[in-house]
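K.L.:
Quick one: structure below, then a few questions.
Just so it is clear, none of the values below were taken in a lab; they were calculated from the coordinates. What you see is a predicted model; the values in this text were computed from it and never measured. Ideal geometry is used to build each Cβ from the backbone, glycine not excepted, and the neighbour counts take in all protein chains shown.
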Amino acid sequence: MKLVIQRVKKAKVEVNNEIVGKIQKGYMVLCGVKRGDTEKEADYLARKLCNLRIFEDENGKMNLSIKDVNGEMLIISQFTLYGNTKDGNRPSFIEAEEPEKANKLYEYFMEKCKENGIKNIEKGVFGAHMEVSLINDGPNTIIMEK
């Protein structure tokens, strides 16, 4: 699994001009599932993500987690994180998990984030064409992979 985490002031996702997910301060997370990923990878990344300390404390140091600031998460499924462009100019998505398995692990990952203390988690629509907009706080972008 691969996550692209952006610390945001706010973010939203729309499908067919309808807002399907919206958060204030927190993380907008793109989540890619690779062929062969299991609940083990999802458990690890959910724990790491929920305890990641990239919010600033009173001294301006990145020392606080999303739980410490009562932040929210918008988690978007993103198979294109596994787009391979080594050969040619058109990406190959052979490394991405098949949709049914990927969706199951994506949903499992969000549940694990809730179990790890995140109170509000919003999401996109798996497999849909989505329009994602955000106000990046920093900018502060982290990539995690397991």
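K.L.:
Between Leu30, Tyr44, Asn63, whose Cα lies farthest towards the positive end of the dipole of the range 22-63 when Lys and Arg beta carbons carry +1 and Asp and Glu beta carbons carry -1, centred on the Cα centre?
P.N.:
The listed residue farthest towards the positive side: Leu30.
K.L.:
Continuing with the same structure: Mind putting a number on the dipole of the range 83-137 about its Cα centre? Charges go on the C-beta only, +1 for Lys and Arg and -1 for Asp and Glu, and I need it in Debye to the nearest 20. All intermediate terms of the calculation are to be shown ahead of the outcome.
P.N.:
Working: 8 positive and 11 negative charges, 13 e Å.
The calculation lands at about 60 debye.
K.L.:
Counting other Cβ atoms within 10 Å, which GluC sites (Glu not before Pro) in the range 33-95 have at most 13 and lie in a DSSP loop? Mind dumping the intermediate values first?
P.N.:
Details: sites: Glu39, Glu41, Glu56, Glu58, Glu72, Glu95; in loops: Glu58, Glu95.
Hits after loop and neighbour filter: Glu58.
K.L.:
Also: Would you mind listing how long the range 1-126 runs along its three principal axes, going by Cα atoms, in whole Å with the largest first?
P.N.:
Taking max minus min along each principal axis of the Cα atoms, the range 1-126 gives 48, 34, 29 Å.
K.L.:
Between Lys119 and Ile135, 0.36 nm times their residue separation minus their Cα-Cα distance comes to what? Walk me through the numbers before you get to the answer.
P.N.:
Numbers: separation 16, 0.36 × 16 = 5.76 nm, distance 2.08 nm.
The Lys119-Ile135 span can extend by a further 3.7 nm.
K.L.:
Hey, another quick one. Report, to the nearest 10°, how far helix 99-115 tilts away from the longest principal axis of the Cα atoms in the chain, using its own Cα long axis and a range of 0 to 90°.
P.N.:
It is inclined by approximately 10 degrees.
K.L.:
Can you give the charge dipole size of the range 11-78 about its Cα centre, rounded to the nearest 20 debye, using +1 on the beta carbon of Lys and Arg and -1 on the beta carbon of Asp and Glu? Working shown, then result.
P.N.:
Details: 11 positive and 11 negative charges, 34 e Å.
That gives the range 11-78 a dipole magnitude of about 160 debye.
K.L.:
Which length gain, in nm to one decimal place, applies between Ile143 and Ile94 when the Cα-Cα distance is subtracted from 0.36 nm times their residue separation? Walk me through the numbers before you get to the answer.
P.N.:
On the way: separation 49, 0.36 × 49 = 17.64 nm, distance 2.06 nm.
Length difference between fully extended and current span is 15.6 nm.
K.L.:
About the Cα centre of the chain, how large is the charge dipole given +1 on each Lys and Arg Cβ and -1 on each Asp and Glu Cβ? Please answer in debye to the nearest 20.
P.N.:
Details: 24 positive and 23 negative charges, 50 e Å.
I would put it at about 240 debye.
K.L.:
Another question about this same structure. I need Lys146, Lys86, Lys34 ordered by Cβ neighbour count within 10 Å, fewest first.
P.N.:
On the way: Lys146 14, Lys86 6, Lys34 18.
Going from least to most buried by this count: Lys86, Lys146, Lys34.
K.L.:
Compute the long axis of helix 39-51 from its Cα atoms, compare it with the longest principal axis of the Cα atoms of the chain, and write down the angle in degrees, 0 to 90, nearest 10.
P.N.:
30
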